[in-house]
Amino acid sequence: LVELMIALAIMAILAAMAWPAFQEAVQKSRRADAMSALSSIMQAQERWRSEHASYQASLADLPGTGATSAEGRYTLSLVDDSVGANGYTARATAKSSSPQTRDSTCRVMQVTVAGGNITYSSMNSGNAANAAPDPCWIK
C-alpha cells in the first residue's frame, strides 16, 4: 500500500508539472484561428484595394470575411482610425466566452499594413504591444 501511495504521489507531481505546458501548447495551437482569420482579412483587403482607391473600412462590407473567426474563438475588427488609402490594422480579440481569454500573452493579435509593409503584433490587454520579435507570431 505504501508503494502504491508513493507511485501515486510521483504521478501527481509529474502531472502537476506537465499540465501548464500542455495548457500553453493548446493556447498556442488555438492562435492559428486568429492567424487564419487575419490572413483572410488581408487577402480580402488586397482584392478590394485592387478595384478601389482605398482599403475597406468595414468587415461587414468586405466579401469573404465575418465578425468572428472560423472556430469562433476571436472577434474580428478593423481599427477605425487606421483604414485609408495606404493601409489598415486588422485585429483579432479573444472572445470573452472563449477559453482563449486565459492566453495572457496573446489575447489580442493584429496585423498592420502601412505603405506596403506588414507588421504582426499582439497585445495582452488590448492596449500595450508586445516587444519585437512578437512571441505570438513565431512559428
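The values are calculated or read from the model by the stated rules, or taken from the named source; none is laboratory data. Bear in mind that the values here come from a model prediction, so they are computed numbers and not experimental data. Positions of Cβ are backbone-derived with ideal geometry, glycine not excepted, and every protein chain shown enters the neighbour counts. For accessibility, only protein heavy atoms count, side chains too; no ligands or nucleic acids. Shrake-Rupley method; radii C 1.70, N 1.55, O 1.52, S 1.80 Å.
Here are a few things to note about the model shown:
- Arg73 among the basic types (Lys, Arg), over 18 Å from Met123 (Cβ atoms) and either under 16 Å from the mean Cα position of the chain (by Cα) or surrounded by fewer than 16 Cβ atoms within 10 Å (Cβ to Cβ) (or both): no
- Filter result for Thr65 (open to solvent by less than 60 Å² (accessible area, probe 1.4 Å), modelled with pLDDT under 85, assigned to a loop (DSSP other than H, G, I, E, B) and closer than 13 Å to Gln45 by Cα): yes
- Gly126 vs. criteria modelled with pLDDT under 90, under 14 Å from the mean Cα position of the chain (by Cα) and at positive phi: yes
- Odd one out for Gln43, checked against (1) assigned to a helix (DSSP H, G or I); (2) within 22 Å of the chain's Cα centre (by Cα); (3) farther than 25 Å from Pro135 by Cα: (3)
- Within segment 27-46, residues that are touching a residue at least 60 places away in the same chain (Cβ under 8 Å) sit with their Cβ atoms under 9 Å from residues that are in a helix (DSSP H, G or I) and open to solvent by 50 Å² or more (accessible area, probe 1.4 Å), at 6+ positions apart or across chains, in these pairs: Gln27/Arg102.
Matching residues to (1) touching a residue at least 24 places away in the same chain (Cβ under 8 Å); (2) open to solvent by less than 30 Å² (accessible area, probe 1.4 Å); (3) over 17 Å from Ser121 (Cα atoms); (4) in contact with a Pro (Cβ under 8 Å, 6 or more places away or on another chain):
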residue	(1), (2), (3), (4)
Leu14	no, no, yes, no
Ala21	no, no, yes, no
Ala53	yes, no, yes, no
Val108	no, yes, no, no
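- Flag for Ala57 being open to solvent by 70 Å² or more (accessible area, probe 1.4 Å), assigned to a loop (DSSP other than H, G, I, E, B) and among the hydrophobic types (A, V, I, L, M, F, W, C): no
- Residue check for Arg49: open to solvent by 60 Å² or more (accessible area, probe 1.4 Å) and not aliphatic (A, V, I, L, M): yes
- Taking each residue of segment 78-89 that is surrounded by fewer than 12 Cβ atoms within 10 Å (Cβ to Cβ) and looking for partners that are in a helix (DSSP H, G or I) with beta-carbon atoms closer than 9 Å, six or more apart or interchain, yields Ala85/Arg49.
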